[in-house]
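Engineer: Let me give you the structure first, and then I'll get to my questions.
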Amino acid sequence: MKITIYGSGYVGLVTGACLAQVGNHVLCVDVDPDKIQRLEQGDIPIYEPGLDKLVRDNAAAGRLRFTLDAAEGVKHGLFQFIAVGTPPDEDGSADLRHVLEVARTVAQHMDDYRIVVNKSTVPVGTADRVRQTLQGALDARGAEVEFDVVSNPEFLKEGAAIDDFMKPDRIVVGTDNPRTGELMRALYAPFNRSHERVVLMDVRSAELTKYAANAMLATKISFMNELANLAERLGADIEAVRVGIGSDPRIGYHFIYPGCGYGGSCFPKDVKALERTARAAGYQAELLAAVEAVNDRQKQRLFDKLHTHFDGNLKGRTFALWGLAFKPNTDDMREAPSRVLMEALWESGARVRAYDPVAMDECHRLYGERDDLTLCDSPEATLDDADALLIVTEWTHFRSPDFDTLKQKLKQPLILDGRNLYDPKLMQQLGFQYLAIGRGENPSED
Ligand code: NAD
């Protein structure tokens, strides 16, 4: 089949590469000339395990191409996928500018039936707006061309995106046209070999399903963080509590890890957008507002602990920071807890020596050269002259460091762990002061 994808970011590029991998002919359109040029040269602008090989193989086989030319894109695919960003607006609701821009572009060049498939995460009612935008632009041209608008939200996780796309738990397709539903089923048949994964529903339900999934996961995290903060005050260990509740299959172990807050390009903005959607619909979504507030507070936890530990005297101190990406296996630093922590440290006059296996370039792109930030080429190198080690991302190779070296290099044996990687008893035996999340170490803290 012939497919066009607008937006070559995490979602668009993975979707394009995976659809090409099963034999389709995919044309990826982006408005960023630098991105398209790099992709044409086989240089993948984002870090995602396995993506570079998949893109290169399919490009070499002639099934995956890249262009800036939207007219060529409209001509190419029966399926016109929208996978552009939907960042938060000033008030937190989703900014649909790019989505509607693609709709206008498609209508400008469309002279045959097209299925416009929206993969971006968008509020309920967006498919109607896309439909109106398309129709308006077609009318303005005096063109009479049929089209359908489908909602097909994406559930892939950065860091495991290829696997998620190739072996999805479910493929949600929202359409009011049964024939289009069947065409979408045919498109996804290669990913459906073991059992039926396409869940067909109406458009509005499909749009809401994506927000519901992300809001549920964010709620689990904020719930655990709320309990972790309580556990600290009660002298309980949240990790024991986690295992104790996770063993109940109704609760499960997924997404109940306490930590220094969720980040990334999806949870923060989607929880916000859903809460704003509720407000616009005249409903006060109190739980969603609390999920967001708890997370904002949680991102400050490590800084608050550090501030308390040093009696507010952080000026002139140096801190080693392990992890910059919002989670392991990605270079994405959007809304990452590391940013809140670094910015608070800089504000207090402290310096940061940071290491991340893949997000260093991204960090440099975001913050540039500054005197109070040193990007180090190994975890050990961050420790030079550092008053404490701060852990923000749970990369696997941070799990078992050489504690002797740590102790030797740090000015004082102090670790603040935002991901609960180590056993507090062992840390105590090794002579570290170990401040983690919800591990009963600070019963008297206010
Ligand atoms: P991204 O920012 O990585 O990529 C968006 C791309 O769209 C950019 O390359 C940008 O240049 C391009 N673009 C903007 N306007 C365009 C236009 N008019 N025509 C063509 N290209 C254009 O975004 P992303 O992380 O891939 O997310 C895309 C959407 O998918 C968002 O709505 C997001 O919420 C959703 N989503 C993201 C993830 C994720 O893990 N990143 C997962 C599921 C869903």
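Engineer: Does K407 satisfy the condition of being in the same structural domain as A325 (by TED's automatic domain parsing), more than 30 Å from the chain's Cα centre (by Cα), surrounded by 14 or more Cβ atoms within 10 Å (Cβ to Cβ) and assigned to a helix (DSSP H, G or I)?
Structural biologist: Taking the combined requirement at face value, the residue satisfies it.
Engineer: Go through (1) in a helix (DSSP H, G or I); (2) buried (at least 16 other Cβ atoms within 10 Å of the Cβ); (3) basic (K, R) and name the single condition K53 misses.
Structural biologist: Only one criterion in (1) in a helix (DSSP H, G or I); (2) buried (at least 16 other Cβ atoms within 10 Å of the Cβ); (3) basic (K, R) is unmet by K53, namely (2).
Engineer: From the residues in segment 399-420 that are touching a helix residue (DSSP H, G or I) at 6+ places or on another chain (Cβ under 6 Å) and of a type in the set (A, V, I, L, M, F, W, C), which one is nearest to L321 (Cα to Cα)?
Structural biologist: L416
Engineer: Filtering segment 1-21 down to residues that are buried (at least 24 other Cβ atoms within 10 Å of the Cβ) and of a type in the set (S, T, N, Q), which residue is nearest to the ligand (Cβ to nearest atom)?
Structural biologist: Once the filter is applied, the top-ranked residue is S8.
Engineer: Take the residues of segment 44-62 that are in contact with an Asp or Glu (Cβ under 7 Å, 6 or more places away or on another chain) and aliphatic (A, V, I, L, M): which is nearest to the ligand (Cβ to nearest atom)?
Structural biologist: I46
Engineer: Restricting the search to segment 231-257, which residues are crowded, with 17+ Cβ neighbours inside 10 Å and either farther than 15 Å from I437 by Cα or among the aliphatic types (A, V, I, L, M) (or both)?
Structural biologist: Within segment 231-257, A231, A236, I238, V241, I256 meet the criteria.
Engineer: Whether any residue in segment 208-221 is under 17 Å from G438 (Cα atoms) and either without any contact (Cβ under 8 Å) to a residue 60 or more places away in the chain or not assigned by TED's automatic domain parsing to the domain that holds V149 (or both) is what I want to check.
Structural biologist: Scanning segment 208-221, I find at least one residue that is under 17 Å from G438 (Cα atoms) and either without any contact (Cβ under 8 Å) to a residue 60 or more places away in the chain or not assigned by TED's automatic domain parsing to the domain that holds V149 (or both), so the answer is yes.
Engineer: How many of the residues in segment 276-315 are in a helix (DSSP H, G or I) and either more than 24 Å from R339 (Cα to Cα) or not assigned by TED's automatic domain parsing to the domain that holds R334 (or both)?
Structural biologist: 7
Engineer: Hey, which of the helices (runs of 4 or more DSSP H) in segment 63-169, taking only ones fully inside, have at least 2 residues that are within 28 Å of G42 (Cβ to Cβ), within 12 Å of the ligand (Cβ to nearest atom) and assigned by TED's automatic domain parsing to the domain that holds P190?
Structural biologist: 70-76, 97-109, 161-166
The values are calculated or read from the model by the stated rules, or taken from the named source; none is laboratory data. Predicted model, so just to flag it, every value in this text is computed and none were measured. As a convention, Cβ positions derive from the backbone with ideal geometry for all residues, glycine included, and neighbour counts pool all protein chains shown.
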